[in-house]
Amino acid sequence: MIPARVPLRVLMASTSYPRDEQDWRGVFIRAMTDALARRDDVEMRVWCPPGPLPANVGQAATSEDTAWLDALSKVGGIAMAIRRRNLAGLLAGVHLLHRLRKLYQRESDVDLVHANWLQTALPLPRNGKPLLATVLGTDYKLLGIPGLVSALRHQFTGRAVALCPNADWMVPGLQKHFGDLAIVRCVPFGINKAYFDLERKPVRPAHWICVSRITRPKIGDLFNWCETSFRSQCRELHLFGPMQEPIQIPEWVHYHGPVSQTDLLDQLLPKATGLISLSRHPEGRPQIMLEAMAASVPIVASDLEAHIDLVETTRAGVICRRAEDLADALEQMESDQGRAAGNRGRSSAMNLYGTWDDCAARYAELYGELTGR
């Protein structure tokens, strides 16, 4: 008889996690955790803010950690704290590294650490434990901070490391900085199967949606470029997301506040004509765009590397490089060309990215490579 395979003990660290079904924060972390928990070759413990973990996943955070992470989430998370560039943001970063250091020392019996956000690897003890670190657009941009690459290289030396950006465009830069010390492999996030099953029934007037945190970089050129096109009677712009900076929303924009996954699936995407993002934020691979593609919703997006990598290569929509392109892009996506783009997007989303279970399988394969099991 072949003995049963012993599951790998994995410690996942994340500074975001949804509090409940309506919470928008860290939804992708919950989906990732749920999918990994469904595997019989992985045993998970997660250090994260309070929220509904699967029954077979342990919470690695102490009660003090949980309270601190909860408070951090309420002010926008560590990325927002750091972007403020004030004393409070600096202290938040120091406290985070201190708590992570204690976590890694406390959980020394794990087989592997899965760090969500590259910089959470900085406090790892020199114990040789394998590391898989996901890399998003935000933490990739932070590699420009003087000394950070050197500090990470120091941490990677003497252990097996995999760096996993969620989009291909980050691979060359990571390979340049760390390719001699780590496996660098794009691991696309998965998509909730319910998006692939969604049936669209677009409404009139044309119903364009933008789902985004409300910050100046995330809004980007949305208000500047869209006013003329959306002051007509033939289309509406509906904006969804948490207000994280004091920004005046123009009166011609229908602003609705934060949105849940349930609302996206049941109300927004089914009747949407298209998804629009004119962001200037350092995106990795926006999850809302993956979900729109799976739901066959065409996309109009700015010319960020992340958008080009996702939308232009799959022909799931149109990239706008200047304000003059926008009106034509909207008209195209409201026609038969938009339906064709939506169909291409759904096919690409399934073939290239798949479900969260597909994503978990990609991570599990790397876990095996790093641990030799």
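The values are calculated or read from the model by the stated rules, or taken from the named source; none is laboratory data. This structure is a prediction, so every number in the text was calculated from the model and none was measured. Every residue, glycine among them, receives a Cβ derived from its backbone with ideal geometry; neighbour counts consider all protein chains shown.
The number of residues in segment 49-69 being touching a Leu at 6+ places or on another chain (Cβ under 7 Å) and farther than 15 Å from VAL110 by Cβ comes to 1. Restricted to helices (runs of 4 or more DSSP H) entirely inside segment 132-220, those with at least 2 residues that are assigned by TED's automatic domain parsing to the domain that holds SER14, free of Cβ contacts under 8 Å to residues at least 40 places away in the same chain and surrounded by fewer than 21 Cβ atoms within 10 Å (Cβ to Cβ) are 148-156, 171-178. Counting the residues of segment 328-356 that are loosely packed, with under 15 Cβ neighbours inside 10 Å and in contact with a Lys or Arg (Cβ under 8 Å, 6 or more places away or on another chain) gives 0.
Annotation note: of ARG315, ARG280, ARG235, the sole residue that is charged (D, E, K, R) and modelled with pLDDT of 95 or more is ARG315.
Selection within segment 117-172: residues that are within 15 Å of the chain's Cα centre (by Cα) and hydroxyl-bearing (Ser, Thr, Tyr). The member of this set that is nearest to THR215 (Cα to Cα) is THR138. Looking only at residues in segment 256-270 that are more than 19 Å from the chain's Cα centre (by Cα) and more than 23 Å from HIS307 (Cα to Cα), the one that is surrounded by the most Cβ atoms within 10 Å (Cβ to Cβ) is HIS256. Here GLN244 clears all of (1) surrounded by fewer than 13 Cβ atoms within 10 Å (Cβ to Cβ); (2) more than 27 Å from GLY345 (Cα to Cα); (3) in contact with a helix residue (DSSP H, G or I) (Cβ under 8 Å, 6 or more places away or on another chain) except the condition numbered (1). Scan segment 221-252 for residues that are in contact with an Asp or Glu (Cβ under 9 Å, 6 or more places away or on another chain) and assigned to a strand (DSSP E or B) and the total you get is 2. One residue alone among ILE299, ILE276, ILE288, ILE319 is surrounded by 17 or more Cβ atoms within 10 Å (Cβ to Cβ) and over 19 Å from the mean Cα position of the chain (by Cα), and that residue is ILE319. Just name the residue that is farthest from the chain's Cα centre (by Cα) out of those in segment 213-249 that are over 14 Å from ILE288 (Cβ atoms) and among the charged types (D, E, K, R). Filtering segment 213-249 for residues that are over 14 Å from ILE288 (Cβ atoms) and among the charged types (D, E, K, R), the one farthest from the chain's Cα centre (by Cα) comes out as ARG231.
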